[in-house]
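Novice: Right, I'll just put the structure down here and ask away after.
The values are calculated or read from the model by the stated rules, or taken from the named source; none is laboratory data. The structure displayed is predicted, hence computed values, not measured ones. Heads up, the Cβs are rebuilt from the backbone with ideal geometry, glycines too, and the neighbour counts pull from every protein chain shown. Side chains included, ligands, DNA and RNA excluded: accessible areas come from the protein's heavy atoms. Shrake-Rupley method; radii C 1.70, N 1.55, O 1.52, S 1.80 Å.
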Amino acid sequence: MPANTKSEEDALLEGLPVIDTSDIGLELDDEDLQQLGMDFNIQKSPQTVSKPEAIKAFKAAEKAAKKMDWGNVAKHLLIAWDAVPNDLGLLTLLAHSLVQLGVREKAIAVLERALKYHEPTPDICAIMLELAVKMEFYDIAIKVGHQLIAMDADTPSHFVNLASAYSGAERYDEGIELLQAVLPRFPKHGDLWNVLATMVRFRDGIGPSYVFLDEALRVDPTNYKALSNYAQSLTFDLRLEEALKMDARAMRANPSNPEPFLGAAQLQFYFGKLDKAWDNYTRRLDHTRRLNQTQIFTHKVPKWKGQDLAGKSLFILGEQGIGDEVMFGTYMTFLYEQVEKLYIGCDYRLVSIYQRRFPNATVEAYRDAFAHNYRYRSFPKIESDMAKGEISIDYAIEVASCPRFEWTKTANIKPHPAGYLVPDPELDEKFKDKLAAAGSKPKIGIAWRSGNLTGLRSGIYASIEELGPLFALKDEVDFVNLQYGECADELVRAKELFGVDIIQFDDVDLKKDIEANLAIMNNCDFVVAAVSAPAIFSQAIGTRTVLLTQIAPWWCFGDREKIPFAPGTTFIDAQGGVSWAEVAEFAADTIRRNLG
């Protein structure tokens with residue numbers, strides 16, 4: 001993206017009238033900036049900016065743009081804007097900088113202003129394409145991309161973003177065909193090779209994609225996207241030491257990109273390097289990540305940074321998926337005993353569960369609102385009570401960060417002596433009776449995959465067809481279905497292949513009803529589950545759990561034999577080299593050995 005198509009001072013200052021820019025709501029106050037993680041303060045521009053001041057600010061913005069210092073680009077352009085609010089070059093560069101900063105709502109407002117006073121240009125359409133891809137409006141992005149290429153077919157980044165839109169829409173054949181046609185024209189453009197590798201990886205698997213990643217780094221050794229992509233492939237390929245080194249290269253190449261920091265964090269957790277991991281793991285909260293990966297909290301409570309909690313109140317904030325929320329929530333058992341008052345904001349499915357476990361806590365379901373592809377997470381009753389002065393909360397912390405000040409080494413991670421979650425007594429009795437009526441054999445709960453099988457995730461779970469050695473126990477135990485989502489065909493397949501009738505509670509929605517999950521699991525002798533939410537629920541309720549995995553989960557926190565906060569959980573840590581049938585055999589052997 002060029003810094004600005006206008007190079008002459010007089011072209012910048014064409015004598016356009018100074019107007020009030022508040023009509024498009026671009027004012028960024030200190031609170032906005034703090035929430036967005038930006039490390040500068042917008043200088044409030046005076047009502048009238050002189051021509052020399054505007055030229056100086058614009059040139060400073062162009063200089064910052066060459067360094068990709070988008071925060072300072074926006075800072076300087078907002079000063080110049082008072083003098084030239086309709087200048088196309090200024091609006092284009094400002095919109096581009098705001099996109100890079102993740103301030104999509106403001107970027108859209110600037111684009112609207114540019115299109116109000118000017119015909120669409122390739123630069124404006126390029127920003128619209130990038131915005132559409134970032135906001136996951138892939139069909140719109142594909143249309144805009146083709147229009148852009150019709151205007152300007154000589155800029156390779158346009159093809160990168162169009163191919164990314166095809167990839168996001170899972171139209172891999174079309175995207176690969178596009179890149180095959182354009183790469184001979186731009187063979188030294190690393191981003192083109194990288195996005196080709198991404199689509200080949202999703203369509204054909206990890207192995208065939210490496211050649212394109214290698215080419216991306218051959219032509220552009222510091223391409224942070226290719227480095228991060230390579231690290232992700234190596235992680236899925238269980239080449240973990242190599243993946244960590246590649247993540248480190250990606251972090252150096254572009255410190256503003258959160259993904260390699262998160263990849264490195266999970267690997268560091270796995271290897272037991274917890275101090276470094278926690279620092280990197282905070283990047284999960286970066287607002288520039290995708291909509292389903294992060295959220296912006298609306299509360300105004302100061303962040304807890306490990307201060308003494310005696311006599312204090314603490315607000316723990318639900319985040320990520322429900323499995324992560326429950327897994328990290330295990331540390332709330334310790335915090336509950338330290339604070340004077342605990343407030344918990346969580347997934348609505350956990351409210352009754354947490355209220356039962358933490359009877360003196362205030363527990364509220366969070367509420368999400370969406371605007372410009374951002375998720376804003378609020379806790380209406382708690383925030384309203386704070387605003388009215390009815391309650392005061394000293395600190396707040398995201399649930400996945402609440403153990404960080406204690407879990408600095410593996411030896412510090414322990415289960416609470418009193419356990420973690422407890423089932424609803426009535427439901428517990430109900431499912432105890434139901435399972436007893438199904439037969440006297442030991443009961444084994446089973447969930448073999450996640451509900452999310454997008455991208456590479458489908459390759460990290462066993463299929464029903466690969467679980468034969470486990471189902472060979474059918475004459476010794478009864479299997480109970482804990483797999484949420486649509487799985488009827490898989491249950492039929494298990495019956496056809498292995499003659500196993502898996503007990504299914506048709507009146508229970510396992511995705512929505514976590515209370516029922518806990519009650520069923522509490523009445524199972526074992527749960528065998530993929531590294532997904534059901535496994536986390538099982539270990540949280542204290543049921544012995546075997547993970548269907550070829551490697552220890554990253555949340556083993558350096559312990560390759562057990563989960564330190566749930567020592568009743570076992571797994572294989574082979575780092576590759578074992579088949580799913582061998583994993584299933586390990587699970588079967590574990591059950592036989594423990595049930596006698």
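Novice: Output the 0 to 90 degree angle, nearest 10, between the alpha-carbon long axis of helix 172-182 and the longest principal axis computed from the alpha carbons of the chain.
Specialist: Helix 172-182 sits roughly 40 degrees off the main axis of the chain.
Novice: Sticking with this one: For the chain, what is the percent of antiparallel DSSP beta bridges, rounded to the nearest 5?
Specialist: Here the antiparallel bridges make up roughly 15 percent for the chain.
Novice: Also, quick follow-up: Any idea how far apart Lys51 and Lys116 come out in nm if each label point goes 7 Å out from Cα toward Cβ?
Specialist: 2.6
Novice: Using the Karplus curve 6.51 cos²θ - 1.76 cosθ + 1.60 with θ = phi - 60°, what ³J(HN,Hα) values do you get for each residue of region 139-147, in whole Hz, with x for Gly and Pro?
Specialist: Per-residue couplings from phi come out as 5, 5, 4, 5, 5, 4, x, 5, 5 Hz.
Novice: Given R₀ = 56 Å, what would the calculated FRET efficiency be for Asn594 paired with Glu390, taking r from the Cβ atoms and rounding to 0.05?
Specialist: For R0 = 56 Å, the calculated efficiency reads 0.65.
Novice: Kirkwood Rh and Cα-based Rg: tell me the resulting Rg over Rh for region 373-431, rounded to two decimals.
Specialist: When Rh is taken as the Kirkwood radius, the ratio is 1.12.
Novice: With the cut-off at 22 Å, tell me which of the pairs Lys67/Lys116; Lys276/Lys303; Lys341/Lys409; Lys414/Lys562; Lys341/Lys388 have Cα atoms farther apart than that.
Specialist: Flagged as over cut-off: Lys67/Lys116; Lys341/Lys409.
Novice: On to the next question. Using only Cα atoms, find the angle between the long axis of helix 258-271 and the longest principal axis of the chain, and express it within 0 to 90 degrees, rounded to the nearest 10.
Specialist: Around 30 degrees separate the two axes.
Novice: Under 14 Å Cα to Cα from Lys381, which aspartates and glutamates show up? Leave out anything in the same chain fewer than 8 places away.
Specialist: Within the straight-line limit of under 14 Å, Lys381 reaches these aspartates and glutamates: Glu364, Asp368, Glu390.
Novice: Non-local amide H neighbours of Phe315 (under 5 Å, H modeled in plane, Pro and chain starts lacking H): which ones?
Specialist: Tyr343, Tyr395, Ala396, Ile397
Novice: Please determine, in degrees from 0 to 90 and to the nearest 10, the orientation of helix 190-204 with respect to the longest principal axis defined by the Cα atoms of the chain, where the helix direction is its Cα long axis.
Specialist: It works out to around 30 degrees.
Novice: Sticking with this one: Would you work out if region 114-201 is rounded, prolate or oblate? Take a ≥ b ≥ c from the square roots of the eigenvalues of the alpha-carbon gyration tensor; rounded if a/c is under 1.5, else prolate when a/b is larger than b/c, oblate otherwise.
Specialist: The shape class here is oblate.
Novice: In addition: How large a share of the accessible area of the chain, in percent, is made up of carbon and sulfur atoms when the probe is 1.4 Å and the other protein chains stay in place?
Specialist: Within the chain, the accessible surface is 49 percent carbon and sulfur.
Novice: To continue, here is another question. Determine the calculated [θ] at 222 nm for the chain from helices alone, applying -39500 (n - 2.57) to every DSSP H run no shorter than 4 residues and normalising by the residue count; nearest 500 deg cm²/dmol.
Specialist: Rounded to the nearest 500, the figure is -14500 deg cm²/dmol.
Novice: Report, to one decimal in Å, the Kirkwood hydrodynamic radius for region 489-592 based on all distinct Cα pairs.
Specialist: Here the Kirkwood hydrodynamic radius works out to 14.8 Å.
Novice: Right, something else. How about region 414-503: which trypsin sites (Lys or Arg not before Pro) there lie in a loop by DSSP and see at most 16 other Cβ atoms within 10 Å?
Specialist: Counting only loop positions with at most 16 other Cβ atoms within 10 Å, none of the trypsin sites (Lys or Arg not before Pro) in region 414-503 qualifies.
Novice: Same structure, new question: Any chance you could look up the accessible area of Leu93 with a 1.4 Å probe, heavy atoms only, rounded to 10 Å²?
Specialist: 0
Novice: Gain in length, Asp154 to Lys63, computed as 0.36 nm per residue apart minus the alpha-carbon separation, to one decimal in nm?
Specialist: That works out to 30.3 nm of additional length.
Novice: Ordering Met521, Met151 from largest to smallest accessible area (1.4 angstrom probe), what's the sequence?
Specialist: Met151, Met521
Novice: Below 27 Å, Cα to Cα, which lysines can Lys430 reach? Residues fewer than 8 away in the same chain don't count.
Specialist: Lys441, Lys443, Lys474, Lys495, Lys511, Lys512
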